[in-house]
Amino acid sequence: MAVLEILKYPHPTLKKRSKEVERIDEGIKSLIRDMVKTMYEANGIGLAACQIGVPQRVIVLDVSPIDPQQSFFAMINPEIISQEGEIDHEEGCLSVPDCFEKVKRKEKICVRGISPEGKEMEVAGEGILAFAVQHEIDHLNGILILDRLSHLKRDIYRNKLKKEKRKEEKH
Ligand SMILES: [Zn+2]
């Protein structure tokens, strides 16, 4: 198990559509272990494999710090099979530091995928669980919260990033 570096915007791997996992082998199991370690180390509630540089459709989630009724799960090839309602939810992303913005999300979802043991699994939920699942599936499709903001807000963030870079270069 290893704690890996979390890629940050504008890393190109974050913009790619991740590929379906075709076989659950030792490689995938070890990837999931690394993702879990990396997520907890960063105090995150979710992580997609592409965030540690592996563009495969694998997510890990543990929203229990916010909703204690929920618990950890990992899902391979997740797909939202039903959704309901719409709400603005303020969220951040480990790959987009210092950006907390309201993003349009569905209120309730049901997601289907494969467990690390190779069994079909379904998770249904609302609130933070639903938002986090949508956020991580966005990652698998190469979408960041920045892509869900208005042009204006995105430009403000990009300019802030540029300024910080310039400051770093001067030092
Ligand atoms: Zn994220």
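The values are calculated or read from the model by the stated rules, or taken from the named source; none is laboratory data. Since this is a predicted model, take the numbers as computed values, not measurements. Cβ placement follows ideal geometry from the backbone for every residue including glycine, while neighbour counts extend to all protein chains displayed. To get the accessible areas, we keep the full protein, side chains included, count just its heavy atoms, and leave off ligands, DNA and RNA. Shrake-Rupley method; radii C 1.70, N 1.55, O 1.52, S 1.80 Å.
Of all DSSP beta bridges located in the chain, what percent are antiparallel, nearest 5?
Counting only bridges with both partners in the chain, antiparallel ones make up about 95 percent.
Roughly how much of residue 101 is accessible, in Å² to the nearest 10, using a 1.4 Å probe?
Approximately 50 Å² of residue 101 is accessible to the 1.4 Å probe.
May I ask which of 8/153; 15/170; 106/160 have a Cα-Cα span longer than 27 Å here?
On the way: 8/153 18 Å; 15/170 29 Å; 106/160 29 Å.
Beyond 27 Å: 15/170; 106/160.
Using the Cα centre of the chain as the reference point, and only Cβ charges (+1 on K/R, -1 on D/E), how large is the resulting charge dipole? Debye, rounded to the nearest 20. Let's see the in-between values first.
Working: 28 positive and 29 negative charges, 198 e Å.
Dipole magnitude for the chain comes out near 960 debye.
For the chain, what does the helix formula give at 222 nm: sum of -39500 (n - 2.57) over DSSP H segments with n ≥ 4, over the residue count, nearest 500 deg cm²/dmol?
Rounded to the nearest 500, the figure is -9500 deg cm²/dmol.
In nm, give the distance between the simple-model label positions of residue 1 and residue 42, each being 7 Å from the Cα along the Cα-to-Cβ direction.
A separation of 1.7 nm, rounded to one decimal place.
What does a probe at residue 15 reach in the range 70-113, counting residues whose amide N is under 18 Å from the point 7 Å along Cα→Cβ?
Answer for the range 70-113: 95-97.
Under the 0.36 nm per residue contour assumption, what length would be gained going from the current alpha-carbon distance of residue 29 and residue 171 to full extension?
Length gained between residue 29 and residue 171: 46.9 nm.
Putting +1 on Lys and Arg Cβ atoms and -1 on Asp and Glu Cβ atoms, find which of 87, 115, 71 reaches farthest to the positive end of the dipole of the chain.
Result: 87, furthest along the dipole toward the positive end.
Just to verify a number: what accessible area does residue 33 come out at with the full protein assembly present, 1.4 Å probe, Å² rounded to tens?
100 Å²
Leaving out ligands and nucleic acids, note down the accessible area per residue over the chain with a 1.4 angstrom probe, in whole Å².
57 Å²
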